[in-house]
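Undergrad: Below you will find the structure I want to go over with you.
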Amino acid sequence: MKILIVGAGGIGGFFGAKLINAGADITFLLRDKRHQLIQAHGLTIETPKGSFTVHPKAVTAGQLEPIYDLIILAPKAFDLDESLKSLTKASTQGVLLPFLNGLSHMEALDQQFGKARVMGGVAHIAAMITDKGAVKQLTDLNMLTVGPRAPDHEALTKEFIALCKMADFDSAYSENIEQVLWDKWVFLATLAGMTTLCRGSVGEIVSTPYGKELTLAMYEECCSIAKAAGHAIGEVPRSKAIEMLTKVGSLFTASMLRDLISGQKTEHDHILGKMIIKGEKSGVRCQLLKMAYTQIAVKQMKGS
């Protein structure tokens, strides 16, 4: 299987490097500056257990050919359109496997390529690119969940998961990947909403008199939206989410908080805004979500 990974950031870089170490045939599609850096120094992955460097195959948009069986997309949601333009020469064949937050990207990809060419994927990892260009894993969490959305995907999905099982990260095959996408979206919207609204970690929030209560209320808003959309959150993912969202002493924050504080563009439209739109269509009031969205929108307008 020939795999193209668009970008070498927190998701694409981390999991791609791990797959290379497991023997997978991986090529990265990179912007010129990132391409030059990785060609010169390799791609370094820093983890809580140690660091390693790979020297991957890498191309820029002008060097692409339509030779890939699987095209992995892992940009920020607001960079999806640019990413799709960059891989035009490679996207005439092969199945796309996106690892983006929210769900609006699935609708956009289905419309452009057809559902038969778009698999479903969910990445659970906290990672960032350092000043030196390394990918730094911030916690021990590192998992990919992949599933078919059309009958023709099943064999390819299982082949990809077999590769993942050989690599040094957690992975799972899902028969209902769209539910997994909703499970993550509900969790992430709550995490991003609360940590940006309060400018603090999960542990800091729940240490206040009303932090846990407000966190649970926001999570229930999101759960109500998922249920109205026909994707009610099950007891197992609900219990895991609540445990992570209310853990005493936890340093966990959403990457959206880091982006907001550093003055970077955020995914608030895709994670919070699209959740609110779906909620309003189904009659959910979304008061806490709207408050979280609004404070980010105001700060982004000020450019600080």
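Bear in mind these aren't lab numbers, they're just calculated from the coordinates by the rules spelled out. All of these numbers come straight from a predicted model, not from anything done at the bench. Please note: Cβ atoms are built from the backbone with ideal geometry, for glycine as well, and neighbour counts cover all protein chains shown.
Undergrad: Could you check the simple spin-label distance between T60 and S282, using points 7 Å along Cα→Cβ, in nm with one decimal?
TA: 4.5 nm
Undergrad: State log₁₀ I(q)/I(0) for the range 2-175 at q = 0.08, 0.12 Å⁻¹ as given by the Debye formula over alpha-carbon point scatterers of equal weight, solvent excluded.
TA: Result of the Debye calculation: -0.21, -0.49.
Undergrad: How much mean residue ellipticity at 222 nm does the chain get from its helices, if each DSSP H run of length 4 or more adds -39500 (n - 2.57) and you divide by all residues, to the nearest 500 deg cm²/dmol? Present the calculation step by step, with values, prior to reporting the outcome.
TA: Details: 12 runs with 138 residues, N = 304.
That comes out to -14000 deg cm²/dmol.
Undergrad: Against the 2.2 N^0.38 Å scaling, with N counting residues, where does the chain land? I'd like the Cα-based Rg ratio to two decimal places. Show your work: numbers first, answer last.
TA: Values: Rg = 18.9 Å, N = 304, 2.2 N^0.38 = 19.3 Å.
Here the answer is 0.98, to two decimals.
Undergrad: For the range 89-143, list log₁₀ I(q)/I(0) at each q in 0.20 Å⁻¹, using the Debye formula over Cα point scatterers of equal strength and ignoring solvent, two decimals each.
TA: Debye output, listed in q order: -0.82.
Undergrad: Name the trypsin sites (Lys or Arg not before Pro) in the range 121-180 that are in a loop by DSSP and that have at most 11 other C-beta atoms within 10 Å, would you? Don't skip to the end; give the middle numbers.
TA: Details: sites: K132, K136, R149, K158, K165; in loops: K132, R149.
Those satisfying the criteria are K132.
Undergrad: Report D for the range 162-213 in µm² per second (integer): Stokes-Einstein, Kirkwood Rh on Cα pairs, 10 °C, 1.306 mPa s.
TA: On the way: Rh = 13.6 Å.
It comes out at roughly 117 µm²/s.
Undergrad: May I pose another question? Show me the chymotrypsin sites (Phe, Trp or Tyr not before Pro) within the range 206-281 that DSSP assigns to loop and that have at most 13 other Cβ atoms within 10 Å of their Cβ. Walk me through the numbers before you get to the answer.
TA: Details: sites: Y210, Y219, F252; in loops: Y210, F252.
Loop-located and lightly packed - Y210.
Undergrad: Measuring from a point 7 Å past the Cα of E243 along Cα-to-C-beta, which residues in the range 184-220 have an amide N at less than 17 Å?
TA: Under 17 Å, as judged by backbone N against the label point of E243, lie 184, 187-188, 203 of the range 184-220.
Undergrad: Same structure, new question: Excluding E107 itself, what net charge comes from residues whose Cβ is under 13 Å from its Cβ, given Lys and Arg +1 and Asp and Glu -1?
TA: Numbers: positive: K115, R149, K274, K278; negative: D110, E178.
Around E107, the surrounding residues sum to +2.
Undergrad: Here's a follow-up. Could you compute the FRET efficiency for M166 and K299, with r as their C-beta to C-beta distance and R0 at 41 Å, rounded to 0.05? Walk me through the numbers on the way to the answer.
TA: Values: r = 43 Å, r/R0 = 1.06.
Between M166 and K299 the formula returns 0.40.
Undergrad: In terms of the ratio Rg/(2.2 N^0.38 Å) built on C-alpha atoms, what value belongs to the range 248-304?
TA: Working: Rg = 12.7 Å, N = 57, 2.2 N^0.38 = 10.2 Å.
Taking the Cα Rg and dividing by 2.2 N^0.38 Å, one obtains 1.24.
Undergrad: Whole Å is fine, so just give me how far the alpha carbon centre of the range 197-250 lies from that of the range 6-37.
TA: 33 Å
Undergrad: Kindly express, to the nearest 10 degrees and within the range 0 to 90, the angle between helix 235-245's C-alpha long axis and the longest C-alpha principal axis of the chain.
TA: Orientation of helix 235-245: about 80 degrees from the principal axis.
Undergrad: Still on this structure, please answer the following. Which values of log₁₀ I(q)/I(0), to two decimal places, follow from the Debye formula for the range 90-215 at q = 0.09, 0.13 Å⁻¹ with a uniform point scatterer at every Cα?
TA: Results for the range 90-215 at q = 0.09, 0.13 Å⁻¹ read -0.34, -0.67.
Undergrad: If one takes the longest principal axis of the Cα atoms in the chain, at what angle in degrees, from 0 to 90 and to the nearest 10, does the Cα axis of helix 177-198 lie?
TA: 60 degrees
Undergrad: Moving on to the next point. Once the principal axes of the Cα atoms of the range 179-302 are found, what is the range along each, listed largest first in whole angstroms?
TA: Principal axes ranked by extent give 36, 32, 24 Å for the Cα atoms.
Undergrad: Also, quick follow-up: Could you work out how far helix 211-228 tilts from the main Cα principal axis of the chain, as a 0 to 90 degree angle to the nearest 10?
TA: Value to nearest ten degrees: 60.
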